[in-house]
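One structure is given below, encoded as structure tokens.
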Amino acid sequence: MNISYAWLKDFVDVREAPQKLADRLTMAGLEVKSVKSAGSDSVFEIEITSNRPDWLSILGVAREVSALTGGRLKLPAIPARPAPARGGMAVTVNDRIDCPFYTATLISGVKIGPSPDWLKKRLEAVGSRSINNVVDATNYVMFEMGTPVHAFDRAALTGGIVVRRATAQEKLITIDGEERSLHPGVLVIADEKRPVALAGVIGGKETEVSESSRDIVLEVAVFNQLVVRRGRQSLGIQTEASYRFERGVDCVSAEKASRYCAEMITRLCGGTIRTRTVAGSPALARKTCTLRKERIEKVLDIPVSLAYSKTILSRLGFSPVTGSKGTLKVGVPSFRQDISGEADLVEEVARIYGFERIPSRLPALNRTVAAKAQSHETISAVKRLLAGCGLYEIKTYSLIDRAIVSEFKINEEDLLSIANPLSIEQEILQPSLMPGVARCIAHNFRQKQEWGAVFEVAHVFGKKEGERNSLCIGLAGSTRIWAGPDKERCEERADFLRLKGILETLCFKLAIPGDMEMEWVDSGCEAAISIGGRRVGRALRLSDQAMQRLEVKDIEICLAELDLDAVIALIAPCRTFTPLPRFPSLTRDVTLELPENVPLKDVIAVFMDGAKPLISGALFVDYYAGKQVPPGYKRLTLSCRYSSGQRTLTEEEIIPLHQKALDMAGQRFGARVP
Amino acid sequence: MDIESIRKEISEESAAINSMESLEAFRVKYAGRKGVLAGLTASIPALPPDQRGQVGRQANDLKRLVMSVIEEKEKLLSSSACAQEPAVDLSLPGISREAGSVHPLTIVIDEICSVLSKMGFEIVAGPEVETEYNNFTGLNIPLEHPSREAFDTFYLSGETSGSGGKRLLRSHTSPMQVSVMKSRKPPLAVVVPGTVYRPDAADASHSFMFHQVEGFVVDSDIRFSHLKGVLETLAHALFGSDIKMRFRPHFFPFTEPSAEVDISCFKCKGCGCGVCGKKGWLEILGSGMIHPNVFKNVGYDPVKYSGFAFGMGVERIAMLKYSIGDIRLFYENDLRFLKQF
């Protein structure tokens, strides 16, 4: 909203220069976005909060300036109420809730012409265009007092005014020349025959005041906030009038404005005020709130006297009266519909007093420190562990398209969707992080990346399981890591064992007991991930079809996704230290040649079983399936550790156990020592 | 053997030492347990008493000579041993496993939460799918009011309304005020980081999905001055101790009084520049004293208790801190962007 400094001075004595005044207004809650000079005047562009429609007028801002600076407020002179007369415009209001107050003033014999320069300049300063003297007067009053006013050409109206809802098929040509179909149910001003204006929003072309008009009907009314909102939304327009009605125009101010504007028109354009018809009542139940001194002190922490509060509130238009000890009984003016209780009065005092004068203290926050790490801290730890493993955290959009979801074998019936998405690409609440992570990887590879190691932690959504935390890790492509001059670079590539390595590190560092295991569900393509026997997630190799959809090819992309809430729940409260062995252990390495489909864990299990009770570990050393190995076979090298808690073992003790294990491996798998 | 011939031998042989091995052989021969000097010392008791003193002293001299030869040769040999291998060019790239990093938004969120946690706040997370009640009604935002336009929302489809009204994606983190206060009794000091959603058309400074951090404190004697104290401490920790702050009266349906908090632009120090749009101030927080209606809605006695709440947009703060010009970079996740943090 634009406010003219010169116009403001009509209503309040101002000593401050424009910029200084602008700063004071900003610090009182009227944020002045800019101060521009307009000839000898200055124009403030103010952002008005939606709870203060009374600031959408010069008078409202003037009141504020008076309260802030102490400058004298000069209220406009409102002419006396006209005597009730017969023969005025007939006004019918169908629903008092739609329109609680309506005035129609008949002015006859006006001479339409251009407005005087001072009026044109003022309208220009606040961003409005001059049309003719009558229309300009209506706009002038709206900007000055905050109440929208509309003028009809009496000759263009047939019969009296009816304030009613539009019916289906009704149309209206608005003052911008466009013919509009009216939604049934929007509020219109109509005459006997047809709608002539969209109530509170915009007037009709056929009844607008033009050069040929002689008699005019001046409408000053209050329309229901919601009804006006729906009306302007249905046409897709917003006007100065609708903006004010939506936020609230009060009847008392409207009634005064109808007298003020009628008088102004006769002054500017000639003519005589004939009659004024009023429907509804401008009287509102007077609201009173109690303000206690102790409340101001308690909430704001400032020693403000009741006398001071009384002065401030009076200047703002309230009627404060000293009540019983330490209180003020404050009458609320009609234009302050935003005041609902003591808290609002406290704010009025505070903002005029100045927030910057309120001291700054630290509260004593009683807080118990939780014994167990809170979820946020744990998730932070998870993120930093993964970063330490060389992964980069990404954040992708949580709303995705149905098409990509179908590539990840997700039950479509479980999906939650948005009723009003911005686009079809953002319709589904992600049931999994995999699509987003895959998309991100594809995007990066299109930017010529060759290696991608990323992770994401975010919420996923589903009808059955609800909303929960998920962790997704993505690896793609390969890279060769520099290892020094003349040394062979070591290769890092995306595959399931690499995923497994990251997950093993994560579980160990988080102190999650139990083994992290991966098992093929669809050999080579999908594996189930479990910890300590509990299923916590899955790993997936992106199919060619999915890659085609993502517009990438010839890269290996592997993803793993875990139910993070489930994983975190497995974290042990505290790690237990395993004492270092007191006696040195004996190690026997063994290389076995065996069929390639025998899993490592089975071989280890056999050794641990066969060489009981002295074997303390059978550790994987190497894997070889090269030239010397017959097809269908592989060689595994294990390092078997033998130890006792009570003594140093001798070779003689372990040889038979070791042999027993070897024999078992031979029997079970056909393993032999090459 | 006589002292002089031993001394001569030591002198000749030390000149011939040219490797660690020959040095070791020399050491063993002269200074070892069964070496020459040990033998010499062992022979002293067999000598006539008047010779013992002198021989003893001479033996000690020889021992000192041998040790100094060994020390000197050791030094010489070890430095030249290094010099024999060609040294690597230290301006070659270091060998390392590339370390990853967390997302810049995570860095900012964690920093904010860490400062507040140190002040006594508890960090709590909440759901992104919320009810109309928690997102609006409970926060004193009536469903039909122009202020609601600032809170346009994504609604979930195909659902029957539950007791809390329709389900939606939360448009701010404030719903957690309602949830937390309903499930606990004061005093409390809570910070809620979270993802929020608004159907805004995407451009360089708007994204339909973004992050906020919310904080609120409720107790029997919480004042506006406490709100100022906490936010000043937070802003100084995030932006430096020399920034200035101002609290501007504003309007939020769920706080009264309400304030927007600006910090002096840390780029131009308040003179006006491209970052702060020539104003010299950057708006970073919304805040206020919790509205009595909100307390009534959650079952707290507004006479007994008071509290304050504040909220900030994480992307905005990250963009200011790191001089990032386009919000969409956070969600494109280009590795060339992520690797800078």
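Things to note:
- Exactly one residue out of B:LEU47, B:LEU40, B:LEU105 is among the hydrophobic types (A, V, I, L, M, F, W, C) and open to solvent by 40 Å² or more (accessible area, probe 1.4 Å), and it is B:LEU47.
- Matching entry among A:SER115, A:SER210, A:SER181 (being free of Cβ contacts under 8 Å to residues at least 40 places away in the same chain and either among the hydroxyl-bearing types (Ser, Thr, Tyr) or touching a Phe, Trp or Tyr at 6+ places or on another chain (Cβ under 8 Å) (or both)): A:SER181
- Of everything in the stretch B:291-339 that is within 9 Å of another protein chain (Cβ to nearest Cβ) and acidic (Asp, Glu), the residue that is nearest to B:PRO187 (Cα to Cα) is B:GLU332.
- The lone criterion from (1) small (Gly, Ala, Ser); (2) over 22 Å from A:TYR243 (Cβ atoms); (3) in contact with a helix residue (DSSP H, G or I) (Cβ under 8 Å, 6 or more places away or on another chain) left unmet by A:ALA62 is number (2).
- Against the criterion of being among the acidic types (Asp, Glu) and open to solvent by 10 Å² or more (accessible area, probe 1.4 Å), A:ASP136 does not qualify.
- For the stretch A:178-189, the criterion of being modelled with pLDDT of 90 or more, within 14 Å of A:VAL135 (Cβ to Cβ), touching a helix residue (DSSP H, G or I) at 6+ places or on another chain (Cβ under 6 Å) and not acidic (Asp, Glu) is met by no residue.
- Counting only helices (runs of 4 or more DSSP H) that sit completely within the stretch A:542-648, those holding 1 or more residues that are under 30 Å from A:LEU391 (Cβ atoms), out of contact with any helix residue (DSSP H, G or I) (no Cβ under 9 Å at 6 or more places or on another chain) and open to solvent by less than 50 Å² (accessible area, probe 1.4 Å) correspond to A:564-569, A:600-610.
- A:VAL369 closer than 15 Å to B:SER225 by Cβ and at pLDDT below 95: no
- Selection status of B:ALA201, at pLDDT below 95 and either over 21 Å from the mean Cα position of the chain (by Cα) or closer than 21 Å to B:THR255 by Cα (or both): yes
- Within the stretch A:95-115, the residues that satisfy the criterion of being more than 40 Å from the chain's Cα centre (by Cα), surrounded by 13 or more Cβ atoms within 10 Å (Cβ to Cβ) and not hydrophobic (A, V, I, L, M, F, W, C) are A:THR103, A:THR105, A:SER108, A:GLY109, A:LYS111, A:GLY113, A:SER115.
- When residues of the stretch B:290-338 are limited to those that are at positive phi and under 24 Å from the mean Cα position of the chain (by Cα), the one surrounded by the most Cβ atoms within 10 Å (Cβ to Cβ): B:ASN333
- Only strands (runs of 3 or more DSSP E) whose full extent lies in the stretch B:182-263 are considered here, and the ones with at least 1 residues that are surrounded by 19 or more Cβ atoms within 10 Å (Cβ to Cβ) and more than 10 Å from every other protein chain (Cβ to nearest Cβ) are B:188-197, B:209-219.
- Taking residues in the stretch A:515-537 that are open to solvent by 90 Å² or more (accessible area, probe 1.4 Å), and partners anywhere that are at pLDDT 95 or above, the pairs with Cβ atoms closer than 7 Å and at least 6 places apart or on different chains are A:GLU519/A:ALA527; A:GLU519/A:ALA528; A:TRP520/A:ALA527; A:VAL521/A:ALA527; A:VAL521/A:ALA528; A:ARG535/A:ALA528.
- In the set A:GLU356, A:GLU377, A:GLU348, only one residue is within 11 Å of chain B (Cβ to nearest Cβ) and buried (at least 21 other Cβ atoms within 10 Å of the Cβ); that residue is A:GLU348.
For every residue, the table says whether it meets (1) outside any loop (DSSP other than H, G, I, E, B); (2) among the small types (Gly, Ala, Ser).
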position: A:ALA458; (1), (2): yes, yes
position: A:PHE461; (1), (2): yes, no
position: A:LYS464; (1), (2): no, no
position: A:ARG468; (1), (2): yes, no
position: A:GLU491; (1), (2): yes, no
position: A:ARG498; (1), (2): yes, no
position: A:LEU506; (1), (2): yes, no
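- Strands (runs of 3 or more DSSP E) wholly inside the stretch A:167-229 that include at least 1 residues being within 26 Å of A:PRO114 (Cα to Cα) and either more than 14 Å from chain B (Cβ to nearest Cβ) or not acidic (Asp, Glu) (or both): A:171-173, A:195-198, A:216-222
- Residue match in the stretch A:285-298 (condition: closer than 30 Å to A:ALA85 by Cα, touching a residue at least 12 places away in the same chain (Cβ under 8 Å) and part of a strand (DSSP E or B)): no
- Some residue of the stretch A:483-495 being under 28 Å from the mean Cα position of the chain (by Cα) and within 10 Å of chain B (Cβ to nearest Cβ): no
The values are calculated or read from the model by the stated rules, or taken from the named source; none is laboratory data. Here the structure is a predicted model, which is why all the values come from computation and not from measurement. Backbone-built Cβ (ideal geometry, glycine too); neighbour counts: all protein chains shown. Surface accessibility is based on the protein's heavy atoms, side chains included, excluding ligands, DNA and RNA. Shrake-Rupley method; radii C 1.70, N 1.55, O 1.52, S 1.80 Å.
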